[in-house]
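Here's the structure, in structure tokens; my notes come after.
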4 protein chains.
Amino acid sequence: MLDETARGVFTIAATPFLPDGAVDFDSIDSLTDAYLRLGATGLTILGMMGEAGKLSAGESEAIVRRVTGRAGVPVVVGVSAPGFAAMKALADTSMQAGAAGVMVAPPPSLRTDEQILGYYHNVAETLGDIPFVLQDFPLATGVQIPVRVILQIVRDCPTCVMLKHEDWPGLEKITALRRAGEAGDRRISILCGNGGMYLLEEMLRGADGAMTGFAYPEMMAQVVAACEAGETDRARDIFDAYMPMIRYEAQPGLGLAIRKYSLAERGFIAHPVVRRPGAGLSRDAMQEIDTLAARQAMRLQALDL
Amino acid sequence: MLDETARGVFTIAATPFLPDGAVDFDSIDSLTDAYLRLGATGLTILGMMGEAGKLSAGESEAIVRRVTGRAGVPVVVGVSAPGFAAMKALADTSMQAGAAGVMVAPPPSLRTDEQILGYYHNVAETLGDIPFVLQDFPLATGVQIPVRVILQIVRDCPTCVMLKHEDWPGLEKITALRRAGEAGDRRISILCGNGGMYLLEEMLRGADGAMTGFAYPEMMAQVVAACEAGETDRARDIFDAYMPMIRYEAQPGLGLAIRKYSLAERGFIAHPVVRRPGAGLSRDAMQEIDTLAARQAMRLQALDL
Amino acid sequence: MLDETARGVFTIAATPFLPDGAVDFDSIDSLTDAYLRLGATGLTILGMMGEAGKLSAGESEAIVRRVTGRAGVPVVVGVSAPGFAAMKALADTSMQAGAAGVMVAPPPSLRTDEQILGYYHNVAETLGDIPFVLQDFPLATGVQIPVRVILQIVRDCPTCVMLKHEDWPGLEKITALRRAGEAGDRRISILCGNGGMYLLEEMLRGADGAMTGFAYPEMMAQVVAACEAGETDRARDIFDAYMPMIRYEAQPGLGLAIRKYSLAERGFIAHPVVRRPGAGLSRDAMQEIDTLAARQAMRLQALDL
Amino acid sequence: MLDETARGVFTIAATPFLPDGAVDFDSIDSLTDAYLRLGATGLTILGMMGEAGKLSAGESEAIVRRVTGRAGVPVVVGVSAPGFAAMKALADTSMQAGAAGVMVAPPPSLRTDEQILGYYHNVAETLGDIPFVLQDFPLATGVQIPVRVILQIVRDCPTCVMLKHEDWPGLEKITALRRAGEAGDRRISILCGNGGMYLLEEMLRGADGAMTGFAYPEMMAQVVAACEAGETDRARDIFDAYMPMIRYEAQPGLGLAIRKYSLAERGFIAHPVVRRPGAGLSRDAMQEIDTLAARQAMRLQALDL
């Protein structure tokens, strides 16, 4: 079961599809294996970048079973839904299948502090004793969750054990949460998203690791490990070497196609297919990725990586 | 099967719940009967005001079966979903259960003409030969669909047979669509929403009826019938008599609770329960509704209704 | 100087333009006179429906001078601006010209309780001892201001003397604010907007009057007076008689053109011109208004009004 | 006068303030000099990152005069405004003061293709023969402008001579516009924003340069020059060296404070003050910038820059 001590890299798993749009279960296996080999200490499935919204209820359950059955690490399942009935149904199924916990983003309609707090009270009550991750991703949800609200959720809901941090900008939020932790609040795990774009600074501010799906997850594992070992300069060298690609992947709407192209090029999945509705890549874009990858490989070689 | 000739009143059916939040199937029956008795020529279920988003996939299917099994009129099922897999699954189930067609609102992320058109191309392809209703509800979705895009969808997708019209303001849209119909475009059915707030003018602009869930659906039936009979003054008298209540129900976020309170007071459903997350009514609000209902009854009596 | 005891009807004044788009100062005079004759106890100028955003700084100042120089009632000036420099410049000019106070809506970027509160702290500091109205209009601004934030602003900023209330739905907000007033918080004036759509219920919940620009401002004066005299049934009869027109004017984006058409038809302004960018009315719409006005006149006659 | 041949780097100029919030005219001079020294071929003032919205009308005009009086390069003035009166007033003043053209972003309310096109028709008519830059910045405005609308504006409005490109993602847009140019459409200048984050790829797709305010504008000058000289690898080396800082500056809401901190550290402005409402930097953030700057300096030294 997921708890506040979780750390390292929970890779946000892509959901591979076949050219006809069907779920590619063989590629789920190979991708799961690749993530683990490259340093994942956990996996997060059915997140936004896992194209959760495009899956039928039956497909979602099948994917949960496939991944939990194969991965030897904690699996977090995204269960965000417009209503609590669907949320609870998928959460229960997931936990029975062996998941370690679930993740919930706020619905876009929430605005005030009270609305957000009330929503997570309902979430906690709905989920019962299932541990959950609070996903804080304003760019995608439109919901801004202030530090005081996060802290109140942490106080009110013992099953809230982790923050998926991808506010942008969000560095001060980590600092504020860690100070509150030192001042007596329960210290929850903070794993950071945003494709890894600020991972270095996030670690130095007190994050416990990454929860994101950058196509080179070994970057996250190496940066987190170097930070934890106190080798900050080494961490920066690695981080900077991947930066041009991190930035290129950080194109909203297109990022998933870029990521899947890289995963396919690396041989982790069979096809770079994004399910409809979703963008494909132009030939120009593929060449840009190829060039970035080649230069990245040279920089890594120079770092002995 | 739903087609372009649909007219009259397709009542947007509320979904009744028991005090513990479970679906109240007995009330579904009594509410269905009431809608038919009060003049519905069709029913629309699992719409936004049917709390579709708060249902699990299993509940949605059970409700579809219950309503289609009881109503002797065409049933339209809301199948809007973030992805096409879930949309297709519910659409197929619904049609097998005897639904007449489905309704699809655009996802909030769409912005440009091309994005909207492309989305409905995908919808039509996904649904195959299932007739569908294009739901145009900018206040709820944030998506503004111009007349030229609606017309292009009508041209490109023969299975688009109806517009659920609830743009606000939307009167000029009806006029423009009807003019295009006269100029040679396929004439689709236009049924209007917005709680009936502009029904009188909408009918005079060329709408075919109403698709909305005002708690006194007899208003829609009577106004539509009077308009079709050319008795415009009579239609206005009826419409005006209900106006204070229509307006009171038109409070976003609270409207559904008001509607369910009225439906329960009228004996159509057992409990005025709105499923979480959702607002309840204060005692003040209930008294306001009671007063409005009493004055409305007097006005109707004066009209011999 | 505006203070917490303000009540009655502060009409939101339209800004008349000539056919070539220039400000029509003669019509400003005649419209001001009409508002006063029809029962305004105050005027609010340069609000959203006063097309404030479309005026140059010079035009805004000239309009302030013209209205304050003619009206013998308190004048509130809308000074909302993206920045405090422009806000302060217009506020100072307005007060020197004889305005009674200013009105400030929050910028659309605000989200959290803390951001909103911080913004109004800055507003109060910027304005110094100028009394201000807090405009709470989520449909237009996208900013939801919870009751607790309003109360904190009232506590922190003695110069906040009035709430322009047009949350939708907003009835419970009035009740909550009045209860807080009874429990010891400073009681500020609450004047209600939304075109008068809920004025009757708002008065019964504890509002002090209206601040809105419905083209028949005598409705507001009469409803407010009847409510204050305890003649609730009379207030309802008047209110209901105007309801079809209130509702027709309540079409976003089009409402101002409808209002100006009515004001011109009534002879209060010379031209129904809306400055660009802004919508005009179709012939169909004008006929709809004419019909509504004729029926309204008959209902009022029946009420001896 | 600005025309379609504009290329190179139009630096988005920050507006310096004194600690008390007043405009710092001496720093305007020193910053202008620095921008020119570091390779600016033009300047853009009163843009979003120039805190235009926070200035009074008088301040805006004074700044325009100060910059146009000092810079020997074309100056573009941001004149975006809620209405055309204010837009025209500032545009006329600017051109009389010696500006080369103006820049207009769409108001956030625009949604459909037709609305956007109609708006720019009005802009062109309002501005008369003043050349203007179309600012395409969906992240800030919420308005998505499709390629077909841009091309129609270019066809309909001869005074539209430049696109400030900061759609995100926006690379395909450049390619599509350049292909249209080859197919016969008028070729306008495309200068790219987004803090320079994708400048390398933008140049290779056909952009003419940069219009952005990254605190190290020499990066833009050098990358653009290397690209134009066909030294793509050199351009990439330079670009990559600045990437960690570019990324750090790309934090919405905080970016301007970061930029001003860097400009002050470099001695170009006297104070890193952001006018209220606006965020300041924490001590942590300043240290992060210092570290990034130190490592950047080392990388540049290794590149002989």
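The values are calculated or read from the model by the stated rules, or taken from the named source; none is laboratory data. This is a predicted model, so every value here is computed, not measured. Cβ placement follows ideal geometry from the backbone for every residue including glycine, while neighbour counts extend to all protein chains displayed. To get the accessible areas, we keep the full protein, side chains included, count just its heavy atoms, and leave off ligands, DNA and RNA. Shrake-Rupley method; radii C 1.70, N 1.55, O 1.52, S 1.80 Å.
Quick notes on this one:
- Among residues of segment C:44-72 being without any contact (Cβ under 8 Å) to a residue 24 or more places away in the chain and open to solvent by 30 Å² or more (accessible area, probe 1.4 Å), the one that is nearest to the other protein chains (Cβ to nearest Cβ) is C:53.
- On the stretch given as segment A:132-145, residues that are within 14 Å of another protein chain (Cβ to nearest Cβ) and surrounded by 18 or more Cβ atoms within 10 Å (Cβ to Cβ) total 6.
- Residue among B:156, B:167, B:129 that is within 14 Å of chain C (Cβ to nearest Cβ), open to solvent by 10 Å² or more (accessible area, probe 1.4 Å) and either touching a helix residue (DSSP H, G or I) at 6+ places or on another chain (Cβ under 7 Å) or in contact (Cβ under 8 Å) with a residue 12 or more places away in the chain (or both): B:167
- Answer from B:201, B:249, B:218 - the residue that is facing another protein chain (nearest Cβ under 10 Å) and either surrounded by 24 or more Cβ atoms within 10 Å (Cβ to Cβ) or within 18 Å of the chain's Cα centre (by Cα) (or both): B:201
- Number of positions in segment B:218-276 that are within 18 Å of residue B:293 (Cβ to Cβ) and among the acidic types (Asp, Glu): 4
- Scanning segment C:73-86 for residues that are within 14 Å of chain D (Cβ to nearest Cβ) and more than 30 Å from residue A:114 (Cα to Cα) gives C:85, C:86.
- Number of the condition not met by residue B:256 [criteria: (1) within 11 Å of chain C (Cβ to nearest Cβ); (2) aliphatic (A, V, I, L, M); (3) within 19 Å of residue B:15 (Cα to Cα)]: (1)
- Residue within segment B:205-225 that is among the aromatic types (Phe, Trp, Tyr) and without any contact (Cβ under 8 Å) to a residue 40 or more places away in the chain present: no
- Tally, over segment A:22-43, of residues that are in contact (Cβ under 8 Å) with a residue 24 or more places away in the chain and open to solvent by 20 Å² or more (accessible area, probe 1.4 Å): 9
- Considered as a group, the residues in segment A:158-185 that are among the basic types (Lys, Arg) and touching a Leu at 6+ places or on another chain (Cβ under 9 Å) include one that is farthest from residue A:145 (Cα to Cα), and that residue is A:164.
- Check on residue D:180, touching a helix residue (DSSP H, G or I) at 6+ places or on another chain (Cβ under 6 Å), surrounded by fewer than 22 Cβ atoms within 10 Å (Cβ to Cβ), aliphatic (A, V, I, L, M) and more than 18 Å from residue D:106 (Cβ to Cβ): yes
- Residue satisfying condition, being in contact (Cβ under 8 Å) with a residue 12 or more places away in the chain and more than 12 Å from every other protein chain (Cβ to nearest Cβ), within set A:265, A:231: A:265
- Residues of segment B:183-198 that turn out to be small (Gly, Ala, Ser), surrounded by 24 or more Cβ atoms within 10 Å (Cβ to Cβ) and away from chain C (no Cβ under 14 Å), as a count: 1
- The set of residues in segment B:73-89 that are within 18 Å of the chain's Cα centre (by Cα) and either within 16 Å of residue A:85 (Cα to Cα) or open to solvent by 20 Å² or more (accessible area, probe 1.4 Å) (or both) comprises B:73, B:74, B:80, B:81.
- Residues located in segment C:268-290, provided they are without any contact (Cβ under 8 Å) to a residue 40 or more places away in the chain and either more than 9 Å from every other protein chain (Cβ to nearest Cβ) or surrounded by fewer than 17 Cβ atoms within 10 Å (Cβ to Cβ) (or both): C:272, C:280, C:281, C:282, C:283, C:284, C:286, C:287, C:290
- Residue match in segment A:233-243 (condition: closer than 24 Å to residue A:208 by Cβ and loosely packed, with under 14 Cβ neighbours inside 10 Å): yes
- The set of residues in segment C:97-118 being closer than 27 Å to residue C:172 by Cα, buried (at least 19 other Cβ atoms within 10 Å of the Cβ) and either under 20 Å from the mean Cα position of the chain (by Cα) or facing another protein chain (nearest Cβ under 8 Å) (or both) consists of C:101, C:102, C:103, C:104, C:105, C:106, C:111, C:112, C:113.
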